[in-house]
Amino acid sequence: MRVNWPNQDGDPISTALNAQERHVTPDASRGAEAPPELVQLLTPEGERVEHPAYDIDLTPEEVRDLYRDLVLVRRVDMEAVALQRQGELGIWASLLGQEAAQIGSGRALTDADMAFPTYREHGVAWCRDVDPVNLLGLFRGVNHGGWDPAEHNFHLYTIVIGSQTLHAVGYAMGIQRDGADAATIVYFGDGATSQGDVNEAFIWASVFNAPVVFFCQNNQWAISEPLEKQSKIPLYRRASGFGFPGIRVDGNDVFACLAVTRQALKNAREGQGPTLIEAFTYRMGAHTTSDDPTRYRVAGELEAWKLKDPIERVKAYLFKNQLADQEFFDSIEAEAADLGRDVRKRCLEMPDPHPLEIFDHVYSEPHALLAEERAQYAAYLEGFEGSER
Amino acid sequence: MSTLTLAKAINEGLRTAMEDDSKVLVMGEDVGKLGGVFRVTDGLQKDFGESRVIDTPLAESGIIGTAIGLALRGYRPVCEIQFDGFVFPAADQIITQLAKMPLRSLGKLKLPVVVRIPCGGGIGAVEHHSESPEAYFTHTGGLRVVACSNPVDGFHMIQQAIRCDDPVIFFEPKRRYWEKAEVEKGAVPLAFDRGQVLRPGTDVTVLAYGPMVKTCLEAAAAVAEEGRSLEVIDLRSLNPLDTELIFESVRKTGRCVIAHEAPVYSGLGAEIAARITEACFYNLEAPVLRAGGFSTPYPPSRLEDHYLPDLDRVLDTVDRTFAF
Ligand SMILES: Cc1ncc(C[n+]2csc(CCOP(=O)(O)OP(=O)(O)O)c2C)c(N)n1
Ligand SMILES: [Mg+2]
């Protein structure tokens, strides 16, 4: 699929804004105006296509690295689903189908950039060098988030839909005040775009010209609700009403996600303010392991999206262009299997926290009430010494 | 008579209310085709259509705010908040608008909005899915707050809440959704602002609501063998409280334990204890004691059994009332 891009000067994202403003007609309320544009650099068949505004020049090694990332995060995810099925995790939110959106955007970040995830950004976590086992703690119920956000420039997972968008904007305002060469990226879903917090974040970012990239993974579903329940216009077009550029990218195309996010981050760092990126993708699995999608969506939908699988197209590209041989693919498979085994093993080894840890870290300074409750509960537990509790 | 789970009983209660009154609407996230994450609204959209069973955008403030508007237009919306922890984005609409508008209109406006909230822990969930936020709402004048603990009440109380012209915050103990009981649909229900003695006893009054009722009944059964007699009262209504029922029991037993999952500190138990002390001071053999959660955020699920007051903690508290 080739996309016709309006021929205009300037950087691609401002071009996108202009382009899209032209398409917003006064009676655009039903979203029936110009079809949404989609930035794509790699087709589902693995063909490289040109885009007038975005290009990417990747060495064969870089492409192989992206492929490796995609395969490994899918494997971690698979393992987590299996661990949940076996009762080792309470719940898991699978990223299946969204690997390219997460790896493409995650690999666009510099070390100095800061990322704010939802609960599904296991692929971005991977790019930020968060040990996959540390992602499991929250889902296993041993902690509320097992990594140091500052160490990885990757914030804790946020479960309350949309809250983190405001945090990201505030963080970006801090970057701005520090004069730092960095930007913030914040992840959220299609459903989240309905939340007040997200809309307030758009306003803040716009008014303060904050160096933030809003990365919306439109996976078509918010649990059982399809996108139409949240929006009558393509989500990326929301941005223009807030006064910043919005762009839709093929969320299953890792090249395009990387190129578009890189540009948006660069613009943010250079003082050009926020961008909304809508990564058009698909939640191939259930919402979480507790969910049963057969109740609300037809199987054919999944089948159609399987043809657009984010990993297969990179594999096809590597093959076709003879950038990788069977030996390479086998070695990645082997690495994935090892990683899966390792994640499983270390998950099972995760100890349960000590009961008195309930009282830890609630305050940073001594607190009389908690000290009292802790002492009382310790004494209570001692009464059970030797018996079960 | 039919045997129903709590989830199914509320479902049938909603169905009956919708059949009885065409102004009754159900709205919330995933309440339609999915039937809600706990299936409490299962089948309602199929039978009553999308204009009466509304899958809303993902925005709790929007759910309550628009429910207020619908109520102003004569509808009786029943809003589902998917999990307790997600009521907070709606707190502004509930506290600043829903609770106060009838008064501000000098009684001309009625807001018969029901806000259903699956509450409490014990299901091994991640954070924000196990909260007990009732005290925020019992602290807010203008809201009625109730909690059902069993299928019989689930079926009847939801209908009473819907018929009530005041806003009602309706708590449903999620870890009890699958508990079953015989429900007599034609029975004349107890008024929904009354408490109920579920197990008569003579030594200690045990007050509970929502998820803790079952725990307290089990505790009472466990100590009965030792010859200790607990009177277990299901409060049912948290604002207003059925104080007469409570006082009558405490005057008889002279001892009282209050159990809730919410933190003890500034919890509903504190209000009840203060009232009992005031009304039953000369009948008390011991101070009113409370068993509840700690003053910390709800812990990761592997520790929730320590956080939640269980049978042992309730009985330990009962024991302590005999130390005075
Ligand atoms: C404030 C709030 N309300 C409700 C929920 C329950 N909930 C969890 S995920 C979800 C759907 C989210 O959809 P979307 O934003 O599209 O993200 P996705 O899960 O598809 O990645 C809902 C309603 C929540 N976590 N937070
Ligand atoms: Mg979604």
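Here are the numbers for this structure:
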item: Residues (within 10 Å of another protein chain (Cβ to nearest Cβ) and touching a His at 6+ places or on another chain (Cβ under 9 Å)) located in the stretch B:302-324; result: B:L303
item: Residue under evaluation B:I117, criteria (1) in contact with a helix residue (DSSP H, G or I) (Cβ under 6 Å, 6 or more places away or on another chain); (2) within 14 Å of another protein chain (Cβ to nearest Cβ); (3) open to solvent by less than 30 Å² (accessible area, probe 1.4 Å), criterion not met; result: (2)
item: Number of positions in the stretch B:294-317 that are out of contact with any helix residue (DSSP H, G or I) (no Cβ under 9 Å at 6 or more places or on another chain) and of a type in the set (S, T, N, Q); result: 1
item: Condition met for A:P351 (open to solvent by less than 60 Å² (accessible area, probe 1.4 Å) and either closer than 25 Å to A:L138 by Cα or among the aliphatic types (A, V, I, L, M) (or both)); result: no
item: Some residue of the stretch A:119-140 being closer than 21 Å to A:A201 by Cα and within 14 Å of chain B (Cβ to nearest Cβ); result: yes
item: Count of the stretch A:205-228 residues which are touching a residue at least 12 places away in the same chain (Cβ under 8 Å) and either within 14 Å of chain B (Cβ to nearest Cβ) or within 16 Å of ligand 1 (Cβ to nearest atom) (or both); result: 14
item: Yes/no for B:V183 being hydrophobic (A, V, I, L, M, F, W, C), buried (at least 18 other Cβ atoms within 10 Å of the Cβ) and in contact with a helix residue (DSSP H, G or I) (Cβ under 9 Å, 6 or more places away or on another chain); result: yes
item: Yes/no for B:F170 being more than 14 Å from every other protein chain (Cβ to nearest Cβ) and within 15 Å of B:C148 (Cβ to Cβ); result: yes
item: Residue match in the stretch A:126-138 (condition: of a type in the set (S, T, N, Q) and in contact (Cβ under 8 Å) with a residue 40 or more places away in the chain); result: no
item: Matching residues, the stretch A:205-235, being open to solvent by less than 10 Å² (accessible area, probe 1.4 Å), part of a helix (DSSP H, G or I) and within 16 Å of ligand 2 (Cβ to nearest atom); result: A:L235
item: Selected residue (criterion: nearest to ligand 1 (Cβ to nearest atom)) from residues of the stretch A:143-159 that are surrounded by fewer than 19 Cβ atoms within 10 Å (Cβ to Cβ) and of a type in the set (A, V, I, L, M, F, W, C); result: A:L156
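Here's the yes/no breakdown for (1) at pLDDT 95 or above; (2) under 25 Å from A:P132 (Cβ atoms); (3) open to solvent by less than 60 Å² (accessible area, probe 1.4 Å):
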position	(1), (2), (3)
A:V24	no, no, no
A:E37	no, no, yes
A:L41	yes, no, yes
A:R64	yes, yes, no
A:S94	yes, yes, yes
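The values are calculated or read from the model by the stated rules, or taken from the named source; none is laboratory data. Since the model is a prediction, treat every value here as computed from it, not as a measurement. Here the Cβ is made from the backbone with ideal geometry for all residues, glycine too, and neighbour counts use every protein chain on show. Surface areas here come from the heavy atoms of the whole protein model, side chains and all, with no ligands, DNA or RNA. Shrake-Rupley method; radii C 1.70, N 1.55, O 1.52, S 1.80 Å.
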